[in-house]
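So the structure is just underneath, and the comments pick up after that.
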Amino acid sequence: MKSKWLLLLLWMCMVARPEAWGQEVKSANTVAEEWIQVNSSSATVLQWFEWIEKSTGIVLSYNSAQMELGEVCRIEPGGRMTVEELLHRILSGYQVKIAFVPPRKLVVHARKIESYDVSGTVSEVDSEERLYGAVVTLEDKDGKQWNTISNGKGIFRLHVPEGTYTVKTSYMGYTPQVQSVRVTRDCFIRTRMKPLLFEVEEITVESGKRENELGELTPSNLLAFSGGDLFSQIWILPGVTSSLAGQNFMVDGGGYDENLLLLDGVPVFHPGHFSSLLPVFNGDAVKNMVFHKGFFPTPLEGRISSVTEVNLKEGNKKEHVRTLTLDMPAASVMLEGPIIKNKLSYMVGARRSWLDFFDSLLSEENRLNHSTYDYNAKLSYNLSPVTTMNFLAYGARDDYHLPIEENGENVSVLRWDNQAYQLSFATQKGRLGNSTAVFYSTHTNRAYMGEIKEDTDGYVHSGIKSLNVTTDFLKVRRCGYGMSR
């Protein structure tokens, strides 16, 4: 008899153990594993809890200070799921632990998952040139992804929950970079991309055209002469029609004057040169170009036909580089290198047409009678990984001259001048970024009218001048959406 009472007392002590009150939901017989039918709908966290209690008869115990009960949660898609699965979906922004208390009670412990900023820069490994438009993807262990692209300064920023992520960075023409990062606070990542090299066997290219086919230049032939002319690729896009001179284009039926050209954000009012073979800008100095038509980003809203953004190189921040180019319309030289290694760099480029030097050897009807030159200069200073300062200078002149004086000397009958200067500053502090620029742009057109206007210097002048100060603020907001596979 005593042994029976001893066994009964031992059984009661085991039932009364606190550990037995809080079993994990992984136990096979808890009410957390009961099935429930859920329709796709939105409700607050508190409303979802009340609905679960009413539908299943389960009592939910929780600390209201640990969670935002008024936060709206949408369950989509709906369907048949366990109570445990539904609670985890309702509290998707929390670390959730569920304990079972007999007979039908669940104790829900929730801890808010903190979110942090993951920012960084993407640059080329050899020159430290910042790369615009690099795709940066953060992927967690569940396959959920956050994506962004680097801005014009090569900077990216994402706001993600704490955890371990695989960071994938890709850019056309460069080897993709993959690294792992543990996010427990705001962190900064420097990514340096290596150019993707291709090894091919020897290739022989032979022309299949007859000689007389090259006598007339069509737009398709102009691509072969364009060299570093990035604009030649615009002409072949749908909805774009080039002009006969090849210096401008019409987009979706608009006029030539409805296209905006921005050089590092500075408008160039009259791009182009007298010679249709000469590209608008020195291709050696151009880093990238973005062409917008139909849809414009928010900062460029209100445009009519198209916007073309051209960005110049910042200059090699590691070593000095000299580039000399000689082609059919012009000769160009570009110098770039570091002033302060990995901090301050320069880029200077100049170009001059050279075919007009042979005018004196040709008959008057075969002379070109025009000359062109332009220059680009840029200083780029990285004050910190997210703070940069740049100075830009651009100038171009086209001069058309004829021997109309009695003594046979050439007179400039038409001249175009373009000038643009800019001082810009960009920085980022936490989630708030700022970009400020002061720029001046001008275009003048001078035409000789000496035979008509004898009481003046013989020239008619027209032009436009613009002085602007711009500042933009960008705040990175938290986004509660991602993509999962």
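Structure notes:
- What the phi angles of segment 443-448 give under the Karplus curve with 6.51, -1.76 and 1.60, with θ = phi - 60°, is a coupling list of 9, 10, 10, 10, 10, 7 Hz, glycine and proline written as x.
- Given charges at Cβ of Lys, Arg, Asp, Glu: segment 254-370 dipole, positive-most of A285, P297, I339: I339
- The ranking of L361, L261 from fewest to most other beta carbons within 10 Å of each one's beta carbon is L361, L261.
- Pairs of Cα atoms nearer than 8 Å and 6+ residues apart set the relative contact order; for segment 115-193 it is 39 percent.
- Relative contact order, whole percent, for segment 16-112 stands at 40, derived from Cα pairs under 8 Å and 6 or more residues apart.
- Ranked list, fewest to most other Cβ atoms within 10 Å of each Cβ, for T436, T121, T164: T164, T436, T121
- Over 19 Å between alpha carbons, listed pairs K313/K378; K168/K313; K141/K168; K317/K475; K153/K317: K168/K313; K317/K475
- Quotient of Cα Rg and 2.2 N^0.38 Å for segment 92-144, N being how many residues it contains: 2.11
- Size of electric dipole in segment 239-303: Cβ of Lys, Arg +1 and of Asp, Glu -1, about Cα centre, debye, nearest 20: 80
- Each pair of Cα atoms in segment 16-112 enters the Kirkwood radius, and Stokes-Einstein at 20 °C and 1.002 mPa s then converts it into a translational diffusion coefficient of 157 µm²/s.
- Whole-Å distance, taken between Cα centres, linking segment 236-313 and segment 78-141: 43
- By the beta-carbon count within 10 Å of each Cβ, the least crowded to most crowded order of F295, F358, F49, fewest first, is F295, F358, F49.
Any read-out appearing in this document is the output of simple, stated calculations on the displayed coordinates, not a laboratory observation. Remember, it's a predicted structure, so these values are computed and weren't measured experimentally. Backbone-built Cβ (ideal geometry, glycine too); neighbour counts: all protein chains shown.
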